[in-house]
1. Quick one: residue 219 ticks every box in (1) hydrophobic (A, V, I, L, M, F, W, C); (2) in a helix (DSSP H, G or I); (3) loosely packed, with under 13 Cβ neighbours inside 10 Å; (4) over 35 Å from the mean Cα position of the chain (by Cα) bar one, so which box is it?
2. Applying the selection to region 406-417, what residues are buried (at least 17 other Cβ atoms within 10 Å of the Cβ), more than 20 Å from the chain's Cα centre (by Cα) and over 16 Å from residue 434 (Cα atoms)?
3. What number of residues in region 192-215 are within 14 Å of residue 138 (Cα to Cα), in contact (Cβ under 8 Å) with a residue 60 or more places away in the chain, part of a helix (DSSP H, G or I) and not β-branched (Val, Ile, Thr)?
4. Residue under question is residue 370, and the condition is that it be polar (S, T, N, Q) and open to solvent by 20 Å² or more (accessible area, probe 1.4 Å); does it hold?
5. All but one of (1) in contact with a helix residue (DSSP H, G or I) (Cβ under 7 Å, 6 or more places away or on another chain); (2) assigned to a loop (DSSP other than H, G, I, E, B); (3) farther than 30 Å from residue 124 by Cα hold for residue 262, so report the exception by its number.
6. Collect the residues in region 138-153 that are assigned to a helix (DSSP H, G or I) and either outside the structural domain of residue 198 (by the TED database) or surrounded by fewer than 13 Cβ atoms within 10 Å (Cβ to Cβ) (or both), keeping them in residue-number order.
7. With the condition kept exactly as written, say whether any residue in region 479-494 is under 24 Å from the mean Cα position of the chain (by Cα), part of a loop (DSSP other than H, G, I, E, B) and farther than 16 Å from residue 249 by Cα.
Amino acid sequence: MLQLGHVRNSARGSIERSSRDRHKSHSRDSSSRSDKNVTINASSAQPQQPDQSSAPTDAQDDNWGETTTAVTGTSDHSLSQEDLAGFGKETEGPVEKLNCVRFLPLALILLLGLLVLITPLFFLVLPQLMWPERLQACGTACEGLFLSLAFKLLILLLAGWALFVRPARASLSRIAVFRALLGLLTLLLLLSYWLFFGVRILDTQDENYQGIVQFAVSLVDALLFIHYLAVVLLEIRHLQPCFSLCVVRSTDGETHHYNLGQLSIQQAALVILEHYYKDFSVHNPALLTAAKSRAAKHLAGLKVYNVDGAGSDTATSQSRAKIAAAARQRDTSHNELYYEEAEHDRRVRKRRARLVVAVEEAFTHVRRLQEEEKKKLPGDEMDPREAAQAIFPSMAQALQKYLRTTRQQHCHSMDSIQAHLAFCITNNMTPKAFLESYLMAGPTLQYMRECWRTGQWMLVSEASVTSPLRHGSEFQLKSSDFSLVVTSKAIPHLKLSEEYVHPKSHKFVLQLQSETSV
């Protein structure tokens, strides 16, 4: 015998939390079992933050807009500034430890650049120090070579600084093939010139100083050609689009497409992550729990009573009974989903209307204060930060209720809201401009760093991550809560044909008859 009943909210919460814990542990286990993966660490990101969607942290009260009410001069239902002083204080995350491996490529580049710059100078100075009395006099042509060498070294220094001395965008686990190839080619060139200089000039103590200067100038010319090769391989080669990459977020299915050129899988993953933080909307796990809670509620609401006594197949019969009851409920679950979504939309519209009215009243009060401040002395004017703190309690309750209804409370802290409010007041923005950040979900970079979830990504690919992109290449970028599934498609070859149209081929003659009405 089956009886459908309601369970308590605490039981529902425990089931939802246990299901989320099992899902997270399963995702971690599945990611750890991958055979071919590469870790990508964003250089500007902080260490991984705990999940803030499931439970509010101790640093900020989830009810900071509803716990206390007080009477102020702007609203009869607002919060006092003293009551808000203790809430919304963000905890300082752990200090990121200095990672020496992160600066290793930059140190190698600087060391190689220093070797490149001092090598031509050594070629010119060593003969002057070792056999100065035997060197021939340097004429006008030799002095012109000195001037040419100085300007070429200056150009090489500026060009190398612009191309190579840049902060690293990310820490990659595999070596960059083209950069390593260019570094190896530069070392081979320097080694060859040093061997030639030692055998043909130092051993023989060549007296032709103009030829030695010409030898140093030829080295700088070769280094300039290597720099040109570096520009072609690192900056120009991948500019022409060759592949269309489809990026799908695994949790909510948000999809974006990007056209990339000839890149390796590792470099393509880095470009996708840079686009992700500015193109994808912020990931909100709270919006994904509705379907899980609905399914858990249906299963938890089923109670099985055994009226025939204990038997050998009691567990099997209970499972079959639950499956049959769940199948019967599935026929009417769409009605429940429809009414739940309609009720949620109604609540959102109601909260939004209250929020818009509260913000408009607060900004009206700010304009009135600004008009009064113009009449005061320059030293008595109110700072925009103080004005934001003064009017924030009048809108805090409506804003917090709206954020809780739309499940965005973990994305906005009280300090960030007050800072945004002060920014809008300083730049004389309208209430609509202030509300745009909360009514519409923006990209991840617009939120505080805690909403970035993690700066560490795991690149999982069957092919080698240093291999170039090909048609049909597939790989994943995994974080702690979700993953980005990437599929590569080659852009087809386009062929345009021309068809000549004679200028008189589209002309016609209209013949009017006498009985035609005009």
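The values are calculated or read from the model by the stated rules, or taken from the named source; none is laboratory data. As the structure is a computational prediction, the values presented were derived from the model and not from experiment. Heads up, the Cβs are rebuilt from the backbone with ideal geometry, glycines too, and the neighbour counts pull from every protein chain shown. The area values use the complete protein model at the heavy-atom level, side chains included, leaving out ligands, DNA and RNA. Shrake-Rupley method; radii C 1.70, N 1.55, O 1.52, S 1.80 Å.
1. (3) is the only condition that residue 219 fails.
2. Listed by number, the residues that qualify are 406, 409.
3. The number of residues fulfilling the criteria is 3.
4. So residue 370 passes the test.
5. (1)
6. Passing the criteria: 140, 141, 143, 144, 147, 150, 151.
7. Our first condition is that a residue be under 24 Å from the mean Cα position of the chain (by Cα); within region 479-494, this holds for 479-489.
Filter again for part of a loop (DSSP other than H, G, I, E, B), leaving 479-482.
Among the residues that remain, those that are also farther than 16 Å from residue 249 by Cα are: none.
No.
Here's the yes/no breakdown for (1) over 30 Å from residue 408 (Cα atoms); (2) over 36 Å from the mean Cα position of the chain (by Cα); (3) among the aromatic types (Phe, Trp, Tyr):
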residue	(1), (2), (3)
197	yes, yes, yes
201	yes, yes, no
225	yes, no, yes
249	no, no, no
255	no, no, no
